[in-house]
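Okay, structure first, notes after.
The values are calculated or read from the model by the stated rules, or taken from the named source; none is laboratory data. Please read these numbers as outputs of a predicted model, since none were measured by experiment. Cβ coordinates were reconstructed from backbone atoms using ideal geometry, including for glycine residues, and neighbour counts include every protein chain displayed.
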Amino acid sequence: MLNLAQRHGLNWSLDQVEQLMNMVGGHPYLVRVALYQIARGETSLTALLQSAPTEAGLYGDHLRRHLWNLEQRPELAKAVKVAIASPDPVRLESVQAFQLHSMGLVHLRGNDVLPRCDLYRRYFGDRLRSR
């Protein structure tokens with residue numbers, strides 16, 4: 001990732017790379033969008049990290065699309081709430097784990113799941129809280 005940042009003309013430290021990777025979990029599309037916007041001077045890493053898990057942030061459309069899909073399947077929304085509420089991997093029903101993994105929202109760890117990244121943990125933690 002450090003090499004990719006350098007290819008975008010960014011002179012980043014390993015700490016900066018880790019900050020972005022923690023937020024987006026290495027998701028190729030999310031990394032690419034971030035590096036492109038930062039390299040163009042549209043935003044800074046600090047601003048991106050602050051606004052990323054909000055609908056006003058760089059990933060707003062991406063997050064809303066996932067939220068809409070979850071709202072269409074209340075059992076999946078409930079499963080995401082369980083996954084993001086725990087700091088440790090959690091066991092979900094097999095079908096739910098498979099569907100959430102297929103959507104790119106969770107990583108599988110054995111038969112358990114954990115949110116793919118801090119972006120999803122923070123956004124869905126806020127947006128699904130009252131549902």
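Which one of L105, L48 is more than 18 Å from L2 (Cβ to Cβ), modelled with pLDDT of 95 or more and not acidic (D, E)?
Going through L105, L48 in turn, the sole match is L105.
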> Residues in the stretch 15-49 that are part of a loop (DSSP other than H, G, I, E, B) and either more than 21 Å from V106 (Cβ to Cβ) or basic (K, R) (or both): how many?
Replying inline: 5
>> Looking at (1) more than 18 Å from E71 (Cβ to Cβ); (2) touching a residue at least 24 places away in the same chain (Cβ under 8 Å); (3) crowded, with 18+ Cβ neighbours inside 10 Å, which one does R127 not meet, given that it meets all the others?
In response: (1)
> Which members of the stretch 34-74 meet the condition of being exposed (fewer than 13 other Cβ atoms within 10 Å of the Cβ) and either of a type in the set (A, V, I, L, M) or over 15 Å from the mean Cα position of the chain (by Cα) (or both)?
Replying inline: Y36, R40, G41, E42, S44, T46, A56, W68, Q72, P74
>> Which count do you get for residues in the stretch 67-106 that are under 20 Å from H27 (Cα atoms), without any contact (Cβ under 8 Å) to a residue 60 or more places away in the chain and touching a helix residue (DSSP H, G or I) at 6+ places or on another chain (Cβ under 9 Å)?
In response: 12
> What tally of residues in the stretch 109-121 results from selecting those that are out of contact with any strand residue (DSSP E or B) (no Cβ under 9 Å at 6 or more places or on another chain), crowded, with 17+ Cβ neighbours inside 10 Å and of a type outside the set (A, V, I, L, M, F, W, C)?
Replying inline: 1
> Of all residues in the stretch 109-128, which are of a type in the set (A, V, I, L, M, F, W, C) and not in a helix (DSSP H, G or I)?
Replying inline: V113, L114, C117, L128
> Restricting the search to the stretch 50-108, which residues are under 14 Å from Y123 (Cα atoms) and not in a helix (DSSP H, G or I)?
Replying inline: A52, P53, T54, E55, A56, G57, L58, Y59, L105, V106
>> Would you confirm whether or not the stretch 3-14 contains a residue that is within 16 Å of L119 (Cβ to Cβ) and part of a helix (DSSP H, G or I)?
In response: no
